[in-house]
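Below is one structure, written out as structure tokens; comments come after it.
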Amino acid sequence: AIAPLLPAGQELPEIRLGAVPGVRERVLLVQGDPPDGDGLFSQLQRHLAASLGVDGEWLGALLEKHGERLRPVACERDYGLHQIILDPVRVERLALGLSSQLTALGRPTTRLDIEQALAGARAVADRAWDGQTHVDPIALVSDLPHALIVRLAGHNCAPPADLAKAFDDADSPLPGLSIQVDLGREYPFPGAASHLIGTVARGRDPEQRSGPITWQGRSGLEGHYDSVLRGVSGLQVRLRTPDGASVVRDEAPVAGTDLVTELDMELQVLAEDSLTHWYDLAKALGTTTEAMASSVAHDCGKGVAGFALIDCHTGAILALATTPGYRLEDLRTKYHELDQTRGKPLLDYATMPDQMPGSVMKICTALACLEYGVLTPGEIIFCGDAMGHTPKGEKILSEHGGAVGDCDLPTAIQRSSNVYFATIARRLGGERLSAFAAQLGLGRNNALDVSDQRPGFLPRPSTIARDRPAEPHWAPNDDWRFGIGQFPTTAPIQVVVLAAAVANGGHIVRPYLVAPAGPPEVVDLHIRKDYLAEVRHGMEMVTANLPHSTAKSLVLEGAAAGCKVAAKTGTSERGSPETRRNGTTPDNAWMIGYAPADNPTVAFACFIHSGTFGGQACTPVVKRLLERYFAKYGRGGHAVRQAPAE
């Protein structure tokens, strides 16, 4: 066909070419039709081919090429995030034009930047974005400011029809470019409540095997309420023809529902700051000791602490703080660094029950012994300097500060007598004490929607062989240690419920961040009022200006002046006798309580790792939080949020 067009005397040499291999296409399963089967698509193809009198394979290819395509549309969460996306056609021109435009508009970008972004995005698409094809958009540049969006708008406009006909190569300035809105998360309180809020990650709804890749909650509130936040995906039906693709059906996604928590972010941020600077607060209040200063100087606690503040009648969580903390924005890029950081900020110490509660457990012991009748109100018990002595004269479970002498329950709480509570715990026995502690929520995940929980260790004689195989038999000193809080392990989110039960008349609440449908979950233990009165009296004596009171510095000032606090301090030992003697494992500090003492509205729990003594380390933190709370809400406390209707 070309030879007649050549000048006279010229010939074209023949060059023998090798065979051109065919292109290996995809194997498509249409409507579940197996590759060699006789499913719906095959039957439809044969029927249409027979009716039209055409080749069946040709018709099948035509149907696949021009058929409808379903595209689920994700219902995302939170605020819009503008991004540049690319239909990867005419890539080279777009890369050149877009890099020039962005650079001219104040965002320096090279052609290589665009091409690398495209290559990386396409690699991800080929590997993980099931269901996407070459016509699906790929994000190239994310998080563009609004001013830049306005300048770039319209750069993908098609040329006029007459120009397109006259010039085959006529095209838009930035072919394939469009601006779309993606979705993301914004955190107005950077670093605050990170464990509670939780994380999101890209994934597919397990109930929709071919659905879109969307943001899904993985932990915290994001994970627990994922189905509420995410909403319902929509559906888009596209019709592909030789003239292009068009949308023939577009069902908009249904937006998720906002979550309103009970958290008071002012108190939450203040709690985290107070835990971080607890030693500075103790110095300002004058409650520091040499042991405390040594612990801080040697960084024994690594900044680890936790705090819980709840409505003592409903269980609503007003603050649940842990230190050290982290910024959610850093989790993707700095996970390894955070995992190696001192204090392990990825752990939530307000909910992680891996520490013994010390003397705050004595409130549980007191209530259990009263309820089971092994202790009566007003009973006097003589308390020596220890529970016993070794043949060498060494004390076994000694009394801090020497013998207390004759002691009733309120005085034992005020002075935190080890001998008193070890004595009554031995009367009760570990089995009944463990059962009563379980009723209070110890040894289980007691919060309704706090994800970072573990049960902790709640020992009992019937299971001790399993839990402690090296010492399979329950001994008398196990009762002693249980009664004074040197055996079980717990967390602030658990023991705060113990304080709330004393405050609210013997009802066990289940802490929550988001109000459940219907009334709060509350269980009445039916504890006699005179029993509760004994314990309350003792907890009020702890903060009174009396000799031997362990938290007499817990006096509220400012707008909260005159509001009395009921509390119980705790000091839990850790490490071995040798490490305790050389000071490398200082005692942990605890405090639980409620306020106002005469008409309680809130209960609290504070834990400071290596704080040495609850009365000195925790008092400044609790004092600061309660003063801010009552300055904000008054003596009557916060308004109880109404639960949503079912």
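None of the figures in this text is laboratory data; all of them are computed from the coordinates on show. Source: prediction; values computed, not measured. Cβ placement follows ideal geometry from the backbone for every residue including glycine, while neighbour counts extend to all protein chains displayed.
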Based on the Cα atoms of region 552-607, what semi-axes does the equivalent ellipsoid have, where each is the square root of 5 times one gyration tensor eigenvalue, given in whole Å with the largest first? 32, 11, 7
Among D467, D408, what is the fewest-to-most ranking by other Cβ atoms within 10 Å? D467, D408
Can you give the extra length, in nm with one decimal, that the chain gains between A403 and T257 once fully stretched, where that is 0.36 nm per residue apart less the Cα-Cα distance? 46.5 nm
If R0 = 35 Å, then R581 and D467, at their Cβ-Cβ distance, give a FRET efficiency to the nearest 0.05 of 0.80
Using amide H atoms built 1.01 Å from N in the peptide plane, name the residues 5+ places from V237, or on other chains, whose amide H lies under 5 Å from its own. R71, V248, R249, D250, E251
Could you check the simple spin-label distance between A284 and V248, using points 7 Å along Cα→Cβ, in nm with one decimal? 7.0
What FRET efficiency would be calculated for the residue pair V228, A435, taking the C-beta separation as r and a Förster radius of 45 Å, to the nearest 0.05? 0.80
Where does the charge balance sit around C369 when Lys and Arg score +1, Asp and Glu -1, over other residues with C-beta under 12 Å from its C-beta? 0
In nm, what is the difference between 0.36 nm times the number of residues separating E329 and D524 and their Cα-Cα distance? 66.0 nm
Using θ = phi - 60° and the Karplus relation 6.51 cos²θ - 1.76 cosθ + 1.60, list the HN-Hα couplings for region 331-336 in order, rounded to whole Hz, with x at every Gly or Pro. 5, 6, 9, 10, 4, 4
Percent of Cα pairs exceeding the 20 Å cut-off, where the set is region 440-571: 61
Could you compute Rg(Cα) / (2.2 N^0.38 Å) for region 265-611, with N its residue count? 0.96
Hey, rough spin-label estimate for T103 and D55, points 7 angstrom out along Cα→Cβ, what's it come to in nanometres? 5.1
FRET efficiency, 1/(1 + (r/R0)^6) with R0 30 Å, evaluated for A544 and V269 via beta carbons: 0.45
Across region 583-598, in residue order, what do the Karplus-derived ³J(HN,Hα) couplings come to in whole Hz, using 6.51 cos²θ - 1.76 cosθ + 1.60 with θ = phi - 60° and x for Gly and Pro? x, 7, 10, x, 5, 7, 10, 9, 7, 10, x, 7, 7, x, 5, 8
